[in-house]
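First comes the structure, then the notes that go with it.
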Amino acid sequence: MNSIVSFFFLFIAFIAVSGCRVQNSPPELTGLSTKEAFVGDAITLTGYQFGSDPVVTFGIASSAVTAQISSHDENTIQLTVPLVQPGNTQIRVRTDEGTSDPLLLKVKQPVPVLTTITPGNGLPGSLVVITGAYLNQIKRVRFDDVTAEIKDSTAQKLTIVVPPKLPHGPVALAIETKGGESTSKFIVAGTPQITSVSPLRAKPGAELVIQGQNLIDGIVSINGLPTEKSLTTVKDTEIRTAIPATATSGVITVKVFETLIATSVDTVKIIQPPFITNLLAQDGIAGDKLLVNGRNLRDVTGMTVGNVGAIFRIISDTQLEVTIPALTSSGPVQISASSIGGNTTATDLFFFYLPPSNLVITPARQLRGRTLTVSGKNLYRITAVSVSGITVPITSRNEGVDLLIGVPETAVSGPITVSSRAGTASAPLVVVQPPVVSDILPAKARPGERIVVRGDFLLNAQIFFTGSATQAVDGGKNEDTERWILVSADAQSGPLRVVNAAGEIATPMFFSPIRLVTITDFLPKTAKIGDEITITGQNLSSVTAVRFNGGTSTPATFRLSGSALLATVPTGAVTGQICLTNDAGTVCTSANLTITK
């Protein structure tokens, strides 16, 4: 117990000795270079025993603020007045040896410090919060020259109201205190917002409608390019403007007083007018794929060929492929493209052609080695012509109308075929060759009667009977494979001679004209059964039957003798005419033969 008491007294003694040692040389503050100063001002402290590492505080207890010392020595300290509350404040110097007695300094109210203004813009009647320092001792808060109502006030924060009826636009927001005045920029306007833009695809010159809020006084830009003010109408919730000719795709911005900016969520695609520079083919048919060069072709939505809608495929912004549709007629047509940006038509015309049709061969009958004309419809871009399967060259052409060709030396009758990429057409050609006769029906006929000649290449051929110097008269049918003619009056038995443009033939079969018998006389005039009667006249060699009794008797036997015919009087014959029959008919004598016993 005694030891504990002894230790306690020794500890107390140590503390007392130590305390006496600190207070042996504490700093002594004797003067200030000024009695008043603003925060941030430089002042000088004078005194003694400031030591090597003094600390200067402004204020008391826990609220004391340490000042920043710029230089010091044993008797002076240079420092800057720290940020402390305005008014009288105590300054002390502290070292390891102790703390000086305080001296008073009057810290004057500084110019207000504005740290933030939230928001930096607003409409009349809206609240604005200002933070900073030295915002107390307010004399006035104003927007330009219009005083604002103060809702709440501390040294670090002000809440004010934007004055009513304040014109829109940038203004100076001023805070006036006993320490001075500070100003900042403020914009009397609501924060613009874009809620929609339409259309999202448009051409230069089209109207653009922007809807939103606080758009009044806004300037519209499309991908950074401002629109023409004279073509723009602005309301608080809507702006209508015209898209400039040089606009490019991008977002829409509305800038109010150069500072407040609203940006659209959607991108507006500017569709420039398409332009066709050239076609990679000058003609074609239905189904062809035509390449079209140009610019601004990526947004093409329609193609026409000769005012008929066409299927197309976009290859790039400078090229597309159009499928030529089936048109109703051949001829030059326009190729056009359209998009939201506008329309364009190729300066070059495209020639569309249909398959050849309605062929007419002139002449329709032609000799080998001769020329002929093929006419018809759509004889454009003809690439091949054949005659009965033999390809022939085109001697000359009247494009679209007719062709001149030659008939090959080996050609036979058959189709003439005309071809182009669009299709083919045919028409028959008769290649005239020497006539051919296969039948003469009947092989016997009387002069003036009609007979039929069959074969080939008989159309318009001249036909002559043997013994006749003039061609036979047409009998009503004149075709290549069949002719009808009348037997000439002077025709004789023998082959027919047939002549056409290709040559002349004699028929391999004979024709025999038949004529009635001509009876000149008969002798004797009186006879009996069994006697021979001599009959003279013409065409007696053609007689096929002899009858007496005016043609009622049984057939009599007869024979030719030179130019006469000898007939035997048959049994049962009576006085009467003698009748001779041949293929041409029956002729009787003008006088009677008298039969005696």
With residue 50 itself left out, Lys, Arg at +1 and Asp, Glu at -1 over residues whose Cβ is under 11 Å from its Cβ give -4
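Just subtract the alpha-carbon distance of residue 583 and residue 195 from 0.36 nm times their residue separation and send over the number in nm, one decimal.
On the way: separation 388, 0.36 × 388 = 139.68 nm, distance 11.64 nm.
Length difference between fully extended and current span is 128.0 nm.
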Rounded to the nearest 0.05, what FRET efficiency is calculated for residue 541 and residue 413 with R0 set to 51 Å and r the Cβ-Cβ distance? 0.75
Modelling each spin label as a point 7 Å along the Cα-to-Cβ direction, I'd like the residue 55/residue 399 distance in nm, to one decimal. 10.7 nm
Residue-normalised 222 nm signal for the chain, counting each DSSP H run of n ≥ 4 as -39,500 (n - 2.57), nearest 500 deg cm²/dmol, is -1000 deg cm²/dmol
Which of 407, 177, 351, positive extreme of dipole for the chain (C-beta unit charges): 407
Heavy-atom accessible area of residue 126, protein chains in place, probe 1.4 angstrom, given in Å² to nearest 10, is 40 Å²
If only Cα atoms are counted, what is the Rg of segment 451-505, and what is its Dmax, in Å? 10.3, 28
The answer for the net charge of residues other than residue 87 whose Cβ lies under 10 angstrom from its Cβ, with Lys and Arg +1 and Asp and Glu -1, is +2
Provide the per-residue ³J(HN,Hα) series for segment 200-217, in order, calculated from phi with Karplus coefficients 6.51, -1.76, 1.60 and θ = phi - 60°, each as a whole number of Hz, with x at glycine and proline positions. 8, 10, 8, 9, x, x, 6, 7, 10, 10, 10, 10, x, 9, 6, 8, 4, 6
If unit charges are put on Cβ atoms (+1 for Lys and Arg, -1 for Asp and Glu) and the dipole of segment 450-566 is taken about its Cα centre, the option from 519, 495, 552 lying farthest towards the positive end turns out to be 552
Under Karplus coefficients 6.51, -1.76 and 1.60, residue-wise ³J(HN,Hα) of segment 372-380 in Hz, glycine/proline x: 8, 10, 10, 10, x, 9, 6, 7, 9
Give the carbon-plus-sulfur fraction of the accessible surface of segment 423-561 in %, rounded to a whole number; probe 1.4 Å, heavy atoms of protein chains only. 53 percent
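Starting from the Cα-Cα distance between residue 460 and residue 34, subtract it from 0.36 nm times their residue separation and give me the gain in nm to one decimal.
138.7 nm
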Once each part is reduced to its C-alpha centroid, what is the distance from segment 477-498 to segment 252-321 in angstrom? 78 Å
Expected field for residue 48, accessible surface area in Å² at 1.4 Å probe radius, rounded to 10, holds 120 Å²
In whole Hz, with x marking every Gly and Pro, tabulate ³J(HN,Hα) for segment 175-190 from phi via Karplus 6.51 cos²θ - 1.76 cosθ + 1.60, θ = phi - 60°. 10, 9, 10, 5, x, x, 9, 10, 10, 8, 7, 9, 10, 7, 5, x
From the residues 90, 129, 51, which one has its Cα farthest along the dipole of segment 39-144 in the positive direction, the dipole being from +1 and -1 charges on Cβ of Lys/Arg and Asp/Glu about the Cα centre? 129
Considering only the other residues whose Cβ falls under 15 Å of the Cβ of residue 531, what net charge follows from Lys and Arg at +1 and Asp and Glu at -1? +3
Cross-link reach from residue 269 to lysines, straight Cα distance under 17 Å and at least 8 residues apart if same chain, gives 203
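Of the accessible area of segment 125-278, with the probe set at 1.4 angstrom, what percent is carbon plus sulfur? Numbers along the way, then the final one.
Working: 3940 of 7540 Å².
The computed percentage sits at 52.
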Loop only per DSSP, at most 12 neighbouring Cβ atoms within 10 Å: give me the GluC sites (Glu not before Pro) in segment 211-297, ordered by residue number. 228, 258
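Could you provide, to the nearest whole Å², the per residue accessible area of segment 333-492 with probe 1.4 Å? Don't skip to the answer; put the middle values down first.
Numbers: 7310 Å² over 160 residues.
Result: 46 Å² per residue.
Rounded to the nearest 20 debye, what is the charge dipole size of segment 442-597 about its Cα centre when +1 sits on each Lys and Arg Cβ and -1 on each Asp and Glu Cβ? Don't jump to the answer; show the numbers that get you there.
Working: 13 positive and 12 negative charges, 124 e Å.
In total the dipole reaches around 600 debye.
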Taking the Cα centre as origin and putting +1 on Lys and Arg beta-carbons and -1 on Asp and Glu beta-carbons, what dipole magnitude results for the chain, to the nearest 20 debye? 2180 debye
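Would you work out the charge dipole size for segment 320-450 about its Cα centre, treating the Cβ of every Lys and Arg as +1 and the Cβ of every Asp and Glu as -1, and quote it to the nearest 20 debye?
Details: 10 positive and 7 negative charges, 120 e Å.
Computed charge dipole of segment 320-450: roughly 580 debye.
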For residue 168, tell me the accessible area in Å² from a 1.4 Å probe, rounded to the nearest 10. 80 Å²
Report, in degrees rounded to the nearest 10, the 0 to 90 angle that the Cα long axis of helix 2-22 makes with the longest principal axis of the chain. 80 degrees
Whole-angstrom gap from segment 196-247 to segment 84-146, using each part's C-alpha centre: 46 Å
Solvent-accessible area per residue, Å², over segment 35-184 with all protein chains present [probe radius 1.4 Å]: 51 Å²
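Give me the extension gain from residue 184 to residue 282: residue separation times 0.36 nm, minus the current Cα-Cα distance, reported in nm with one decimal.
Stretched out fully, the residue 184 to residue 282 stretch lengthens by 28.2 nm.
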Quotient of Cα radius of gyration and Kirkwood radius for segment 144-245, i.e. Rg/Rh, equals 1.16
Residue 72's amide H: which non-local residues (gap 5+, or another chain) put their own amide H closer than 5 Å, with H modeled 1.01 Å from N in plane and none for Pro or chain starts? 78
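The values are calculated or read from the model by the stated rules, or taken from the named source; none is laboratory data. This is a predicted model, so every value here is computed, not measured. Glycine also receives a Cβ, built like all others from the backbone with ideal geometry; neighbour counts cover every protein chain displayed. Only protein heavy atoms, including side chains, enter the accessible area calculation; ligands, DNA and RNA are left aside. Shrake-Rupley method; radii C 1.70, N 1.55, O 1.52, S 1.80 Å.
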